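The structure appears below as structure tokens.
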């Protein structure tokens, strides 16, 4: 599936009701506090991941807090010596860091009353797609097939268009079958 066909399918299943989002959040101090806290934690975590990504993949030197603790090497870490897993790890960390940068732009807009830096958002969306392509290539996935099967899963969830009921009461077996390319 090509992007020009994918985007209309995405829009068909989008939950886009700005007034509902505003109404659910406006005046709800607990929800706003939780949103602000969660966004801040995610942004901080993404920044830390970005620093570690640059250390591991780009050779950047960083200083770690001194510790006398001996940390055993996790058995699974050895899997990162396998090219495809190392590349996938890079892609996954990269997607997280780009998501953090996008979230930071939204944090500036919503909580810091700054103008949206659309040029930065444009760049970060592209960077996210770079990591998507890297992840697909690492595992030998056809990116167009990933998009096609994603839409098949969404069609199984929302046969006509997005509904709150379908979002909350999902048929996971039907979605999994569609994602695997089986007739539903």
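A short reminder: the numbers here are calculations on the coordinates, not readings from a lab. Not measured: the values here are computed from a predicted model. So basically every Cβ, Gly included, is an ideal-geometry build from the backbone, and we count neighbours across all protein chains shown.
Structural remarks
- Counting only Cα atoms, the size of the chain along its three principal axes is 57, 45, 33 Å, in decreasing order.
- Inter-label distance, nm, simple model (7 Å from Cα along the C-beta direction), residue 161/residue 7: 2.0
- Taking 90, 16 and counting other C-beta atoms within 10 Å, the order from fewest to most: 16, 90
- Gap separating the Cα centres of segment 1-75 and segment 127-184, nearest whole Å: 21
- Ordering 51, 33, 97 from the fewest to the most neighbouring beta carbons within 10 Å gives 33, 51, 97.
- Top of 88, 147, 25 by mean-square fluctuation, Gaussian network on the chain, Cα under 10 Å: 25
- Along principal axes, Cα extents of segment 142-184, largest first, whole Å: 32, 17, 14
- Stretchable slack from residue 54 to residue 78, in nm (0.36 nm times residue separation minus alpha-carbon distance): 6.7 nm
- Sorting 168, 145, 179 from the fewest to the most surrounding beta carbons within 10 angstrom yields 168, 145, 179.
- Taken over the Cα atoms of segment 22-72, the convex hull encloses 147 Å³ per residue.
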